[in-house]
Every structure is written in C-alpha cells, then in structure tokens.
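Engineer: Structure below; questions to follow.
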Amino acid sequence: MNTAEKIIQINDLKVFLKGVWWLERRIDDRLAGQQGRLVGSAVFSPDGAGLHYSEKGQLVIGDHDGPAHPTYFYSFPQAARAAVAFSDGRAFHELDLSQGRWACNHFCDPDSYVGDFTVLSPDSGPLTCQ
C-alpha cells in the first residue's frame, strides 16, 4: 500500500485537533551545524472560538538538554483550515488538512521554519486524558 492510499482527509480541523497529542519534533540548526529534537506532549484546549496550543517537552540540541514550553493560538477561518499565531499574536503559518496533508514555511530572518503534516489514520488524533 502506498502512502497516498493511507492519507485521511480532515473536514473539521478544530474537532480533530482538540485534546492531548504525543509530540516529537526534529530540529535542524544549520547555522550551528547541529540537530536536535523535542519530545513531549501538546495540548489543544478551547479558547474562545479557537484553540490554545501548549507544548510541554524535553528539548535536546547541542549542549542543551532542558524543558521547552512553547504556546500558540489556532483560529479557524474555515472548518478545515487554521491560522496559527505565536503567543504574542504574530502570524506563524496556516494549516489545512482537508486533503490529509499540508506543508508550510515561515521565514523569520535569520530563522526558517518548515512544517510537514500528514494524517495517516482517523485514530491518530488526540490522545485521551486520564
């Protein structure tokens, strides 16, 4: 089975995202010539008409090994689309999983953020909190 056959389309992104997720992010610091990763959890919780996103994880890169707690806000101009903003309100990127896959870029000189999102299973969504 090829990857295209496994991709799941998401029509209601807010409902799909809401809850607790396991998180693993790869970091490629090209300036310092090092790679790192962040492992932890991400929580999407209701905040007005949108969702507040909060990560809690362990960041390991170079000589650094410590906690990380970034937060973002997701607003939903359409059911299958989100506008993601930094905690201070600046635009970060869009997210549209209506086709089950999304790639995005955010340039913040001198940094560049690249995201690639793919939904491979209808039950790969939020984890249940207990």
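Engineer: Scan the stretch 46-57 for residues that are open to solvent by less than 80 Å² (accessible area, probe 1.4 Å) and either farther than 27 Å from Asp29 by Cβ or of a type in the set (S, T, N, Q) (or both) and jot them down.
Structural biologist: Asp47, Gly48, Gly50, Leu51, His52, Ser54
Engineer: Exactly one of (1) open to solvent by 70 Å² or more (accessible area, probe 1.4 Å); (2) in contact (Cβ under 8 Å) with a residue 60 or more places away in the chain is unmet by Tyr74. Its number?
Structural biologist: With (1) open to solvent by 70 Å² or more (accessible area, probe 1.4 Å); (2) in contact (Cβ under 8 Å) with a residue 60 or more places away in the chain applied to Tyr74, the lone miss is (1).
Engineer: Please state which one of Ser75, Ser112 is more than 14 Å from the chain's Cα centre (by Cα) and either modelled with pLDDT under 95 or under 16 Å from Gly19 (Cα atoms) (or both).
Structural biologist: Details: Ser75 fails: more than 14 Å from the chain's Cα centre (by Cα).
Result of the check over Ser75, Ser112: Ser112.
Engineer: Restricting attention to the stretch 25-46, and to residues there that are at pLDDT below 90 and assigned to a strand (DSSP E or B), which single residue is nearest to Thr71 (Cα to Cα)?
Structural biologist: It comes out as Arg25.
Engineer: Return the residues of the stretch 87-99 that are outside any strand (DSSP E or B), open to solvent by 60 Å² or more (accessible area, probe 1.4 Å) and either free of Cβ contacts under 8 Å to residues at least 60 places away in the same chain or touching a His at 6+ places or on another chain (Cβ under 7 Å) (or both); say none if nothing qualifies.
Structural biologist: The answer is Ser87, Asp88, Arg90.
Engineer: Sticking with this structure for a sec: Check the stretch 100-107 and report whether any residue there is among the polar types (S, T, N, Q), part of a strand (DSSP E or B) and either touching a Cys at 6+ places or on another chain (Cβ under 7 Å) or loosely packed, with under 11 Cβ neighbours inside 10 Å (or both).
Structural biologist: The answer is yes, given that some residue of the stretch 100-107 is among the polar types (S, T, N, Q), part of a strand (DSSP E or B) and either touching a Cys at 6+ places or on another chain (Cβ under 7 Å) or loosely packed, with under 11 Cβ neighbours inside 10 Å (or both).
Engineer: Among the listed residues Val43, Val60, Val84, which satisfies the condition of being open to solvent by less than 30 Å² (accessible area, probe 1.4 Å) and of a type in the set (Val, Ile, Thr)?
Structural biologist: Val84
Engineer: Do you know which residues across the stretch 59-72 are at pLDDT 95 or above and among the charged types (D, E, K, R)?
Structural biologist: The one that is at pLDDT 95 or above and among the charged types (D, E, K, R): Asp65.
Engineer: Can Phe16 be described as part of a strand (DSSP E or B) and in contact (Cβ under 8 Å) with a residue 60 or more places away in the chain?
Structural biologist: No, not satisfied.
Engineer: Counting just the residues of the stretch 82-96 that are under 12 Å from the mean Cα position of the chain (by Cα) and aliphatic (A, V, I, L, M), which one comes out farthest from Phe117 (Cα to Cα)?
Structural biologist: This residue is Ala85.
The values are calculated or read from the model by the stated rules, or taken from the named source; none is laboratory data. It should be emphasised that the depicted structure is a prediction, and the values quoted were computed from it without experimental measurement. Cβ coordinates were reconstructed from backbone atoms using ideal geometry, including for glycine residues, and neighbour counts include every protein chain displayed. Accessible surface is based on the protein model in full, side chains and every heavy atom, while ligands, DNA and RNA are left aside. Shrake-Rupley method; radii C 1.70, N 1.55, O 1.52, S 1.80 Å.
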